[in-house]
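Reviewing the structure listed below.
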Amino acid sequence: MEVPVPNDAFDRFVVEQFPFPIARAYALALRAEESASSRFVNLVVAYVQAVRIPALLLVSEYLANNRRVPRLASALRNLR
């Protein structure tokens, strides 16, 4: 499935510069040939990835650091 390059400057920036999981879902949300529900689902996936990727980086940085915050450590233990 080929994803066309968007015309809008912001859309093009997202598709070309953002990490692949975000860019791919966003590009699929822009496809006019997709149904509205499919485009909406892809937009939600792009949003989830846009939140998830930085969160994973922050958790990784926290776990690599020797300084521990008890409340945060407790919250991270409960994540699945």
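For the stretch 68-74, in order, what is each residue's ³J(HN,Hα) by Karplus, 6.51 cos²θ - 1.76 cosθ + 1.60 with θ = phi - 60°, in whole Hz (x at glycine and Pro)?
Ordered by residue, 3J(HN,Hα) equals 10, 10, x, 5, 5, 4, 5 Hz.
If you average the sequence gap of Cα pairs under 8 Å that are 6 or more apart and divide by the length of the chain, what percent do you get for the contact order? Present the calculation step by step, with values, prior to reporting the outcome.
Values: 49 pairs, mean separation 15.9, N = 80.
Averaging sequence separation for qualifying contacts and normalising by length gives 20 percent for the chain.
Suppose every K and R has +1 on its Cβ and every D and E has -1 on its Cβ; what is the size of the dipole of the chain about the Cα centre, in Debye to the nearest 20? Kindly include the intermediate steps, with their values, before the conclusion.
On the way: 10 positive and 7 negative charges, 153 e Å.
Computed charge dipole of the chain: roughly 740 debye.
Just add up the charged neighbours of residue 44: K/R +1, D/E -1, any other residue whose Cβ is under 14 Å from the Cβ of residue 44. List each step's numbers first, then the result.
Details: positive: 24, 39, 52; negative: 34.
Combined, the nearby Lys, Arg, Asp and Glu give +2.
For the chain, what is the mean residue ellipticity at 222 nm derived from helices alone (per DSSP H run of n ≥ 4: -39500 (n - 2.57); sum divided by total residues; nearest 500 deg cm²/dmol)?
Numbers: 4 runs with 57 residues, N = 80.
About -23000 deg cm²/dmol.
Which of the following values of mean projected area of the Cα convex hull in nm² was calculated from the structure shown: (i) 7.1; (ii) 6.3; (iii) 8.3?
Label of the calculated value: (i).
Quick note: the coordinates plus some simple rules give every number you see, no bench work behind them. These numbers were taken from a predicted model, which means no experiment stands behind them. No Cβ is skipped: glycine too gets one built from the backbone with ideal geometry, and neighbour counts run over all protein chains shown.
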